[in-house]
Amino acid sequence: MQTYIGTKIIKAAPMTRAAYNELRGWPLQENENGSDEGYLIEYTDGGKPNLDGYAGYVSWSPEEQFENAYRPSTGLPFGLALEALKKGCKVARRGWNGQDMWLSLSGDLKGTKISHEKFWSPHNRQFAFDQSLQQAKVLPCITMKTSTDEILMGWLASQTDMLAEDWYVVP
């Protein structure tokens, strides 16, 4: 078997196995311990809802397995902040001086073909126009919402940003 590593954005709350079974309307199996500590998990990344009152797929995980696989969405290293960006989240640093600043990923990770008339730059517009389908492939970039309420295209991380572990997913 091949080894995998995963990144998911989830919602979770502490819940015993017995409380989860009660929530689902399931009897506790003879070989299960109802007082097992664990977590109710709601997958918010496209899983089909399987329980009324929840928008995503709901399951339960034992405490040890959950805590080995997940961490709070605050106090993150840069690598996990990048993964959250790729999942469509906004991220920010606690260490930034400006108010209400955050990063977002603009564009599809594989690139998107854009018609020539949608380009702001006349040079890019002309380049796209000159292509066979009058389109150009636009690659993604990281943008920043600045403290002055502007969008900065093509934000670049400093070494301090890359080594920081104060990143968080913006709610």
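Odds and ends about this structure:
- With bins 5 Å wide beginning at 0, the percent of Cα pairs of the chain falling in each bin runs 1, 7, 12, 14, 13, 12, 12, 10, 7, 5, 3, 2, 1, 0, 0.
- Taken about its Cα centre, region 74-170 carries a charge dipole of about 300 debye when Lys and Arg each add +1 at the Cβ and Asp and Glu each add -1 at the Cβ.
- FRET E, pair residue 153, residue 74, Förster distance 22 Å, beta-carbon r, rounded to 0.05: 0.25
- Between residue 24 and residue 45, the FRET efficiency estimated from the beta carbon spacing at R0 = 35 angstrom works out to 0.95.
- Cut-off 15 Å between beta-carbons: net charge of the residues surrounding residue 168, Lys and Arg +1, Asp and Glu -1: +1
- Annotation: Cα Rg of region 10-69 relative to the compact-globule expectation 2.2 N^0.38 Å equals 1.11.
- Total lysine pairs whose alpha carbons fall under 14 Å of each other in the chain (8 or more apart, or interchain): 8
No lab work stands behind these numbers, since they all come straight from the coordinates. These numbers come from a predicted model, not from an experiment. In this analysis, Cβ positions are derived from the backbone assuming ideal geometry, glycine residues included, and neighbour counts consider all displayed protein chains.
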